[in-house]
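The values are calculated or read from the model by the stated rules, or taken from the named source; none is laboratory data. Predicted model only: the values in this text are computed from it and were never measured. Here the Cβ is made from the backbone with ideal geometry for all residues, glycine too, and neighbour counts use every protein chain on show. With ligands, DNA and RNA removed, areas are computed over all heavy atoms of the protein, side chains included. Shrake-Rupley method; radii C 1.70, N 1.55, O 1.52, S 1.80 Å.
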Amino acid sequence: MNILNYINGQLIAPVSGQYLDNINPAEGKVYGNIPDSDSADVTKAVESAAAAFPIWSAMPLTKRANILLKIAELIDRDLDKLALAESADQGKPLKLAKSVDIPRASANLRFYATASMHVSTESHLMEGEAINYTTQTPIGVAGCISPWNLPLYLFTWKIAPALAAGCTVVAKPSELTPMTAFLFSKLCIEAGLPAGVLNIVHGLGNKVGQAIVEHPEVSVISFTGGTVTGKRIAATAAPMFKKLSLELGGKNPNLIFADCDFDQAVSTSIQSSFSNQGEICLCGSRILVERSLYNKFIAEFVKRTKELIVGDPLEENTRVGALVSEAHMNKVLSYIELAKSEGGEIICGGKQVSLSGRCENGYFVEPTVIAGLDQTCRTNQEEIFGPVVTIMPFDTEEEAINYANSNAYGLSATIWTENLKRAHRVSHQIKSGIIWVNCWLLRDLRTPFGGMKQSGVGREGGWEALQFFTETKNVCIKL
Ligand code: NDP
């Protein structure tokens with residue numbers, strides 16, 4: 001299928017007339033094309049977003065919210081179609097797209113549509129002298145740039161609060177996974193979203209993404225992606241004083257204490273290691289196990305890892321699908337080689353998987369477990385973003401915390417213990433934006449979300465995301 005940009009309410013071809021291949025990674029085959037847009041398309045998109053801003057920002061809240069709720073309803077109606085598109089673009093098991101990605105996309109819209117109707121601001125009385133009241137108004141045109149790993153889920157995670165807050169948006173999905181955003185643009189038209197309120201420009205990051213970040217009329221940028229790209233965006237946006245939220249990479253520790261609920265710890269660690277082929281920024285890629293439990297944990301964890309079916313994403317039993325691209329697969333395989341050269345022992349997996357039939361040219365890698373590395377080596381410092389975890393023992397709580405924090409990233413951490421005091425104590429000492437105790441990936445949309453250290457700045461989720469797309473003003477009236 002040929003994908004088009006969504007600009008000023010219309011589905012249109014890129015100004016240059018140039019297209020890129022859209023590849024299905026499970027088949028290793030081109031299955032459509034996507035606009036290779038550039039700054040000319042971004043300029044048109046920003047102009048249309050700027051023209052729509054006075055209309056959208058002045059629209060009564062309930063009317064605005066009802067349009068977003070209608071889009072959520074249409075996502076639910078088209079669940080199967082969207083899940084198929086997400087799986088074809090990204091390689092993830094269809095089952096996962098149906099049960100997680102697409103339902104979460106409509107949940108994002110519902111959450112922010114309804115939350116926007118409950119925002120209140122404060123007033124402060126200076127006795128006998130003055131009254132202050134604070135207003136929060138939408139900033140203007142927002143730039144939303146999202147990655148390929150959870151395509152529609154993260155795309156809506158950005159645009160939903162921006163639109164609900166009253167901003168108009170120019171968005172760029174990853175060029176590796178454009179299809180669900182394209183189908184989404186059709187749903188926006190069907191739901192009656194006014195022209196120009198949301199504009200979706202497809203294409204490459206260094207052309208389209210960069211042009212969005214550089215455009216002087218885009219005053220707020222919400223970006224999710226890699227840390228290197230995040231640094232570049234920050235360097236461009238800072239001198240222009242743009243408001244910036246950066247959700248970046250992670251190298252998340254998964255701490256298993258000997259007093260944990262063993263079965264729960266193993267089964268959830270399998271998920272937190274290999275869900276979505278390990279291509280979730282929140283995956284626990286460094287497993288740290290208390291020494292007295294280490295051998296038992298490894299034996300069970302490796303046994304369960306070997307049972308995971310790597311296969312055609314469309315098959316019901318598949319647990320690990322294709323990696324998103326050939327280049328990414330090669331990157332993941334090169335990290336496995338690096339681990340070996342750093343002295344790591346591959347105790348499970350480690351190789352590319354060749355399937356037969358439809359997926360014979362797909363980009364599949366075995367779930368891989370590596371032992372014998374210390375925390376300072378590159379394998380344990382850099383984000384691999386694939387079905388690869390390292391595992392190592394620790395002797396004391398202090399050592400576990402040191403290992404967990406011995407990394408430039410600080411996105412999430414998981415702690416397994418039945419000791420309540422320890423759970424609190426360790427949670428407070430780990431420098432990560434989100435800590436899960438005896439669970440993983442449980443998300444309450446009301447809570448702030450984001451990383452510490454090189455995992456990003458700014459918080460998304462909850463009220464923070466709505467506030468992010470607004471500017472605050474205080475009015476002080478003399479009594
Ligand atoms: P990238 O940083 O490569 O890309 C993210 C998005 O930015 C893409 O749409 C990309 O376009 C675009 N982009 C690239 N260069 C520029 C630029 N110069 N200016 C503006 N936009 C640009 O990340 P990936 O797509 O590879 O996503 C994986 C990364 O995302 C991982 O590091 C992962 O940890 C992180 N991530 C973080 C999350 C979080 O919440 N903290 C959640 C999910 C993922 P293009 O695709 O064309 O290059």
> Restricting attention to segment 304-317, which residues are under 22 Å from Asp263 (Cα atoms) and either among the hydroxyl-bearing types (Ser, Thr, Tyr) or out of contact with any strand residue (DSSP E or B) (no Cβ under 9 Å at 6 or more places or on another chain) (or both)?
Replying inline: Arg304, Thr305, Glu307, Asn317
>> If I ask for residues that are outside any loop (DSSP other than H, G, I, E, B), within 16 Å of the ligand (Cβ to nearest atom) and crowded, with 23+ Cβ neighbours inside 10 Å, which ones from segment 381-395 would you list?
In response: Val388, Val389
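Here's the yes/no breakdown for (1) exposed (fewer than 14 other Cβ atoms within 10 Å of the Cβ); (2) over 30 Å from Thr236 (Cβ atoms):
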residue	(1), (2)
Ser106	no, yes
Leu109	no, no
His118	yes, yes
His124	yes, yes
Glu127	yes, yes
Gln136	no, no
Ile139	no, no
Ile145	no, no
Trp148	no, no
> among the basic types (Lys, Arg), in contact with a strand residue (DSSP E or B) (Cβ under 8 Å, 6 or more places away or on another chain) and without any contact (Cβ under 8 Å) to a residue 60 or more places away in the chain - does that describe any residue in segment 377-386?
Replying inline: no
> Considering Asn361, Asn402, which residue is open to solvent by 10 Å² or more (accessible area, probe 1.4 Å), in a helix (DSSP H, G or I) and either touching a His at 6+ places or on another chain (Cβ under 7 Å) or not charged (D, E, K, R) (or both)?
Replying inline: Asn402
> For segment 102-127, what are the residues that are of a type in the set (Ser, Thr, Tyr) and touching a helix residue (DSSP H, G or I) at 6+ places or on another chain (Cβ under 6 Å)?
Replying inline: Ser106, Tyr112, Ser116
> Which condition number does Glu398 fail, the rest of (1) at negative phi; (2) within 16 Å of the ligand (Cβ to nearest atom) being met?
Replying inline: (2)
> Within segment 445-479, how many residues turn out to be open to solvent by less than 60 Å² (accessible area, probe 1.4 Å) and within 16 Å of the ligand (Cβ to nearest atom)?
Replying inline: 13
>> Show me the strands (runs of 3 or more DSSP E) entirely contained within segment 193-299 in which 1 or more residues are within 11 Å of the ligand (Cβ to nearest atom), touching a residue at least 24 places away in the same chain (Cβ under 8 Å) and more than 27 Å from Lys158 (Cβ to Cβ).
In response: none
>> For segment 426-444, give me the residue count where each residue is in contact (Cβ under 8 Å) with a residue 12 or more places away in the chain, open to solvent by 60 Å² or more (accessible area, probe 1.4 Å) and in a loop (DSSP other than H, G, I, E, B).
In response: 1
